[in-house]
Amino acid sequence: MELPVLTPGQFDLVYNALSFGIAAMGAGFIFFALARSYVAPAYRPALLVSALVVAIAAYHYVRIFESWGSAYVLEGGAYVPSGEAFNDAYRYIDWLLTVPLLLVEAVAVLALARAKSASLIARLSIAAVLMIVLGYPGEITDDNTARFIWGALSSIPFVYILWVLWGELGRALDRQPPQVRVLVRNLRLLLLGTWGVYPIAYMAPFFGLTGAGAVVAIQLGYTIADVLAKPGFGLLIYAIAREKTRADNADPLQGQAVPAAAGD
Ligand SMILES: *C/C=C(C)/C=C/C=C(C)/C=C/C1=C(C)CCCC1(C)C
């Protein structure tokens, strides 16, 4: 999209949101890397994937932040395009890598048989790649008709992913211990609630927002959704892993305390 002139308030809003994105992803990485030792070994791969997701996102947020800063110069009290492009591709490349990993996390909580998990991950990942690849041409065009058509095409795999995950997570509810059930239910709502923000932010130009308003709404929407869908989602996965560890009666903290006491 062609960059509009921004007021300092509009420029700073996106600048600060992107900066917050870096902090949230970076802190998430440290948390998930350290939290691994608080869950049973069976649940560690899910936390490792959470750590990977936020590490990839932290890197891309640094690049988006830099790109935003160099796309504008302050001139006579307004932020005007510097002539350097704002690179939206960082976001889409980030999604291409992190969305399939988030799907792996979601499927991991389902605790399905290995073959069923693998085929589910494969189908959902193909749909995720289609969703992102079809959304990109619409994201970078100034033509609203083209934006609408690409967005509609991208929504087909999007609806498929949410439909399949909603159903699978629902069926998984019955297999969970009672304390875990409410967390899986929340995970399902978080998934729907946060993934739903992306197409809404994408459609900002159709809600009467033009120029500066649309650019700011899109960047804010994607950043807030990313923080909830990556570190936020990871935290809920961690909570589920903790509960399951307790339910399996294999709390690694107790496990560590027992041999130490016995050795004294
Ligand atoms: C961490 C990043 C995540 C979870 C990204 C999710 C992205 C989407 C669900 C994007 C969906 C889109 C549509 C459904 C239509 C318009 C184009 C997209 C790509 C914004």
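For the range 185-206, filtered to residues that are of a type in the set (Phe, Trp, Tyr) and more than 27 Å from residue 240 (Cβ to Cβ), the residue that is surrounded by the most Cβ atoms within 10 Å (Cβ to Cβ) is 202. Residue count for the range 116-157 satisfying the condition of being farther than 14 Å from residue 96 by Cα, out of contact with any Pro (no Cβ under 7 Å at 6 or more places or on another chain) and polar (S, T, N, Q): 4. In the range 122-238, counting only helices (runs of 4 or more DSSP H) that sit wholly within it, the ones holding 2 or more residues that are away from the ligand (no atom under 12 Å from the Cβ), touching a residue at least 24 places away in the same chain (Cβ under 8 Å) and small (Gly, Ala, Ser) span 211-227.
The numbers here are math on the coordinates, done by the rules we state, and not lab data. This structure is a prediction, so every number in the text was calculated from the model and none was measured. All Cβ positions, even for glycine, are placed from backbone atoms using ideal geometry, and neighbour counts span all protein chains on display.
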